[in-house]
Amino acid sequence: DTEVTQTPKHLVMGMTNKKSLKCEQHMGHRAMYWYKQKAKKPPELMFVYSYEKLSINESVPSRFSPECPNSSLLNLHLHALQPEDSALYLCASSQDEQAPLMTEAFFGQGTRLTVV
Amino acid sequence: SQQGEEDPQALSIQEGENATMNCSYKTSINNLQWYRQNSGRGLVHLILIRSNEREKHSGRLRVTLDTSKKSSSLLITASRAADTASYFCAPVGTGFQKLVFGTGTRLLVSP
């Protein structure tokens, strides 16, 4: 199984809503990532988890809150978002045991988020 | 910055032609990875080339790496309409590094 599964595929939420994005992989990967991608732009790294601990936060606003409950799951909790947060949110994972990023990263198909 | 910079930003060719896109970077790398993204979908890993390798092939893909010039190129031979996508390079440095993508090359292959 070389899949990274993201749910939901599409999400529309109001600015006062609280929602969560979910990401799951069963490849035994120990590094997991959240990216944000606006139209016609490259994916921008948001967070990196290594061995279930947050290792990188790219100065992301606190209205985005990541969580890694176990080695297979990664969540992104959303609260009080703005319309400009509308984007494709991508999750990825990689082996990352002794030599980070020595191997490929696997990406999910993303969640298309619209904030109204 | 670890980020790569792709050139050209956009490329339009006919089916059967070859497509070449380039990536330049600024720091020393452990490896360099190429990914493809079809419109609005996730990224798919194409090739990883390590710093001690100069060339690597995978099917119709050929990647070269010149560490002295801090550059890499991706060649797609005999292109197909299905190759239409955005292509991103990601130079990976030593130690724990982030997978950071450049601006990408948007490839359009017309039938």
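The values are calculated or read from the model by the stated rules, or taken from the named source; none is laboratory data. Computed from a predicted structure; not experimentally measured. Virtual Cβ from ideal backbone geometry, glycine too; neighbours counted across all protein chains shown. Calculation scope for accessible area: heavy atoms of the full protein, side chains included, ligands and nucleic acids excluded. Shrake-Rupley method; radii C 1.70, N 1.55, O 1.52, S 1.80 Å.
Set against the 2.2 N^0.38 Å expectation for a compact globular protein, chain B has a Cα radius of gyration ratio of 1.01.
Ellipsoid fit via the Cα gyration tensor, region A:39-116: semi-axes of 23, 15, 11 Å, each the root of five times an eigenvalue, largest first.
Considering only DSSP states other than H, G, I, E and B, which trypsin sites (Lys or Arg not before Pro) in region B:1-102 qualify as loop sites with at most 16 other Cβ atoms within 10 Å?
Values: sites: B:Lys26, B:Arg36, B:Arg41, B:Arg50, B:Arg54, B:Lys56, B:Arg60, B:Arg62, B:Lys69, B:Lys70, B:Arg80, B:Lys98; in loops: B:Lys26, B:Arg41, B:Arg54, B:Arg60, B:Lys69, B:Lys70, B:Arg80, B:Lys98.
Here the trypsin sites (Lys or Arg not before Pro) that fit, given the DSSP loop and packing criteria, are B:Lys26, B:Arg41, B:Arg54, B:Arg60, B:Lys69, B:Arg80.
Assuming R0 = 25 Å, what is the FRET efficiency of B:Arg80 and A:Lys40, from their Cβ-Cβ distance, to the nearest 0.05?
Details: r = 23 Å, r/R0 = 0.91.
Result of the calculation: an efficiency of 0.65.
Taking each residue in B:33-46, count the Cβ atoms of any other chain within 10 Å of its Cβ, then average. What number comes out?
Numbers: counts 4, 1, 6, 0, 7, 1, 1, 6, 6, 14, 12, 3, 7, 1.
Average neighbour count from other chains, rounded to a whole number: 5.
Normalising the Debye intensity of the protein assembly as shown to I(0), with uniform scatterers on Cα atoms only, and taking log10 at q = 0.08, 0.09, 0.12, 0.14 Å⁻¹ returns -0.29, -0.37, -0.65, -0.88.
In the context of the full protein assembly, A:His79 retains an accessible surface of approximately 90 Å², using a probe radius of 1.4 Å and ignoring ligands and nucleic acids.
Within the set A:Lys38/B:Lys70; B:Lys69/B:Lys98; A:Lys9/A:Lys38, which residue pairs have Cα atoms separated by over 26 Å? Before the final figure, lay out the partial values.
Working: A:Lys38/B:Lys70 28 Å; B:Lys69/B:Lys98 22 Å; A:Lys9/A:Lys38 16 Å.
Over 26 Å Cα-Cα: A:Lys38/B:Lys70.
Other protein chain C-beta atoms within 10 Å of residue C-beta, averaged over B:84-94: 2. Amide H of B:Gly104 versus every other amide H placed in the peptide plane: which residues, excluding those fewer than 5 positions away on the same chain, fall under 5 Å? The answer is B:Glu6, B:Cys89. Charge dipole of chain B (Cα centre as origin; +1 on each Lys and Arg Cβ, -1 on each Asp and Glu Cβ, all else neutral): 280 debye, rounded to the nearest 20. Counting only other chain Cβ atoms within 10 Å of each residue's Cβ, the peptide A:43-50 averages 3. Taking the Kirkwood radius as Rh and the Cα radius of gyration as Rg, region A:1-88 has a ratio of Rg/Rh equal to 0.95.
What per residue convex hull volume, in Å³, comes out for region B:7-58 when only alpha-carbon positions are used?
Numbers: hull volume 6.5 nm³, N = 52.
Cα convex hull per residue, to the nearest whole number: 126 Å³.
Can you compute the FRET efficiency between A:Glu3 and A:Leu54 using 1/(1 + (r/R0)^6), with r the Cβ-Cβ distance and R0 = 25 Å? Round to the nearest 0.05.
0.60
Take B:Glu17: with every protein chain present and a 1.4 Å probe, its accessible area is about 90 Å².
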